[in-house]
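Each remark here refers to the structure printed beneath this line.
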Amino acid sequence: MAEKFIYADIPKNPDTLKATRKTSDLFIEAFGDKPIRQITGTVAGELFDLLASLPATHGKGKTVLPLRMVIAQAKEQGLEMLVAKQ
């Protein structure tokens, strides 16, 4: 659905499309490629919590670890999280 309704929209800013694709890729990694009807408020809240737990440096280099492992390592190392970044 994202391909049809988000990425095919030509007038969108390329940076916005890139960020949206990155977020949807993170969603798919965390929850699988769910049908739209299965994305509830609970799932959206879990996605927010997951994204907020990412280290502030996430995406700035090559990440080869699974998403949840990146979050666990960041917590162990006391790294600044995205939610705290101002």
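The values are calculated or read from the model by the stated rules, or taken from the named source; none is laboratory data. As the structure is a computational prediction, the values presented were derived from the model and not from experiment. Cβ coordinates were reconstructed from backbone atoms using ideal geometry, including for glycine residues, and neighbour counts include every protein chain displayed. These accessible areas exclude ligands, DNA and RNA; they are computed on the full protein's heavy atoms, side chains included. Shrake-Rupley method; radii C 1.70, N 1.55, O 1.52, S 1.80 Å.
Sorting Lys62, Lys18, Lys12 on solvent-accessible area from highest to lowest, probe radius 1.4 Å, gives Lys62, Lys18, Lys12. Between the amide H of Met81 and those of Ala56, distances stay under 5 Å, these residues lying 5 or more places away or on another chain, with hydrogens modeled in the peptide plane. Largest accessible area first, the listed residues Asp33, Asp25 line up as Asp33, Asp25 when surface is computed with a 1.4 Å probe on the assembled protein chains.
Leu17 sits with roughly 40 Å² accessible to a 1.4 Å probe, with DNA, RNA and ligands left out of the calculation. Label-to-label distance for Val43 and Ala19 is 2.4 nm, based on points extended 7 Å past Cα in the beta-carbon direction.
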